[in-house]
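J.: Once you've had a glance at the structure underneath, I'll fire off some questions.
The values are calculated or read from the model by the stated rules, or taken from the named source; none is laboratory data. What you see is a predicted model; the values in this text were computed from it and never measured. Counting neighbours? That spans all protein chains shown, and the Cβs are built from the backbone with ideal geometry, glycine included.
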Amino acid sequence: MDKKLFANGIIKFLSGIVIVALPLFLSAGSFAYWNAWLFMGILFIPMFTAGLILMKKNPYLLERRLDVKEKQSQQKTVVALSGIMFLSGFIVAGLDYRFQWIKLPEWLVIVGAVVFLIAYGLYAEVLRENTYLSRTIEVQENQKVIDTGLYGIVRHPMYAVTLILFLSMPIVLGSVISFIIFLAYPFIIAGRIKNEEKVLEEGLAGYKEYKQKVKYRLVPFIW
């Protein structure tokens with residue numbers, strides 16, 4: 001086991017828990033915010049499990065997924081906007097719980113949790129299909145075009161899956177207002193996708209042909 005990679009993974013994991021928990025519980029003003037506990041459970045337990053599996057099966061991919069330093073200024077803007085979306089969405093969800101602005105029924109929260117877990121499973125499938133997946137936009141050495149499985153349906157299945165993940169988050173947190181904030185994600189990610197495709201066309205052999213084969217970027221029959 002790579003001890004340095006393991007330590008880095010644990011630090012990022014614990015930091016993630018703190019970054020999510022602080023805005024949720026501080027804005028809620030209570031640790032009785034059960035939606036937040038549910039959300040953190042379905043987010044971090046699978047994340048920890050997936051991290052252990054990658055540590056054993058594919059440490060290189062885990063290392064690439066832990067690297068979040070974007071090299072392109074345009075993508076740094078996308079990351080910053082995403083961070084603002086998450087922070088504001090979590091704070092508003094906590095405030096929604098505290099002041100009971102709009103309360104979603106428990107059955108809808110549970111449905112949101114199930115959808116989230118299904119999307120998480122699809123996320124794992126994308127990782128299995130494409131070992132070149134990085135958190136940053138770049139063309140890696142010996143990288144090849146993947147055109148099977150979910151990549152045969154849309155060109156960016158990872159973003160398609162995160163779209164489902166992120167839009168189900170505020171449902172799990174029980175906040176309609178937070179959901180409206182998270183609707184910004186498709187527009188934020190659209191710019192990233194366009195820039196990523198430009199990078200891949202210039203640096204990845206066969207990508208232009210792949211674009212002709214798989215017409216849709218994110219959502220089948222829409223875009």
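J.: So in region 18-42, with the set limited to residues that are more than 20 Å from Leu165 (Cα to Cα) and free of Cβ contacts under 8 Å to residues at least 24 places away in the same chain, which one is surrounded by the most Cβ atoms within 10 Å (Cβ to Cβ)?
T.: Filtering region 18-42 for residues that are more than 20 Å from Leu165 (Cα to Cα) and free of Cβ contacts under 8 Å to residues at least 24 places away in the same chain, the one surrounded by the most Cβ atoms within 10 Å (Cβ to Cβ) comes out as Leu22.
J.: While we're here: Scanning for something touching a residue at least 12 places away in the same chain (Cβ under 8 Å), over 30 Å from Gly191 (Cα atoms) and either of a type in the set (Val, Ile, Thr) or surrounded by 17 or more Cβ atoms within 10 Å (Cβ to Cβ) (or both), does region 76-83 turn up at least one residue?
T.: Among the residues of region 76-83, not one is touching a residue at least 12 places away in the same chain (Cβ under 8 Å), over 30 Å from Gly191 (Cα atoms) and either of a type in the set (Val, Ile, Thr) or surrounded by 17 or more Cβ atoms within 10 Å (Cβ to Cβ) (or both), which makes the answer no.
J.: Output the residues belonging to region 104-126 that are farther than 20 Å from Ala160 by Cβ and in a helix (DSSP H, G or I).
T.: Glu106, Trp107, Leu108, Val109, Ile110
J.: Checking Ile137 against (1) modelled with pLDDT of 80 or more; (2) surrounded by 14 or more Cβ atoms within 10 Å (Cβ to Cβ); (3) among the hydrophobic types (A, V, I, L, M, F, W, C), which test does it fail?
T.: Evaluating Ile137 over (1) modelled with pLDDT of 80 or more; (2) surrounded by 14 or more Cβ atoms within 10 Å (Cβ to Cβ); (3) among the hydrophobic types (A, V, I, L, M, F, W, C) leaves (1) as the failure.
J.: List the pairs whose first member sits in region 187-203 and is over 16 Å from Phe166 (Cα atoms) and without any contact (Cβ under 8 Å) to a residue 24 or more places away in the chain, whose second member is surrounded by 12 or more Cβ atoms within 10 Å (Cβ to Cβ) and of a type outside the set (Asp, Glu), and whose Cβ atoms are under 6 Å apart, counting only residues at least 6 apart or on separate chains?
T.: That search, which allows pairs on different chains as well, returns Glu201/Tyr207; Glu201/Lys208.
J.: Here's another thing I want to ask about it. Among the residues of region 30-48, are any over 24 Å from Ser178 (Cα atoms) and in a helix (DSSP H, G or I)?
T.: There is at least one residue in region 30-48 that is over 24 Å from Ser178 (Cα atoms) and in a helix (DSSP H, G or I).
J.: For Ile153, only one of the following conditions fails: (1) touching a Pro at 6+ places or on another chain (Cβ under 9 Å); (2) at pLDDT 90 or above; (3) of a type in the set (A, V, I, L, M, F, W, C); (4) surrounded by fewer than 17 Cβ atoms within 10 Å (Cβ to Cβ). What is its number?
T.: So Ile153 meets the others, but not (2).
J.: Would you point out which residue out of Tyr185, Tyr207 is over 23 Å from Gly83 (Cα atoms) and surrounded by 15 or more Cβ atoms within 10 Å (Cβ to Cβ)?
T.: Details: Tyr185 fails: over 23 Å from Gly83 (Cα atoms).
Unique residue meeting the criteria: Tyr207.
J.: Then there is this: Would you check which residues across region 156-182 are assigned to a helix (DSSP H, G or I), surrounded by 22 or more Cβ atoms within 10 Å (Cβ to Cβ) and among the hydroxyl-bearing types (Ser, Thr, Tyr) and list them?
T.: Residues satisfying the conditions are Ser168, Ser178.
J.: Moving on. Looking at Leu14, Leu22, Leu54, Leu61 in this structure, which one is farther than 16 Å from Pro170 by Cβ and modelled with pLDDT of 95 or more? Even if it seems obvious, please write down each step before you answer.
T.: On the way: Leu14 fails: modelled with pLDDT of 95 or more; Leu54 fails: modelled with pLDDT of 95 or more; Leu61 fails: modelled with pLDDT of 95 or more.
Just one listed residue meets the conditions, Leu22.
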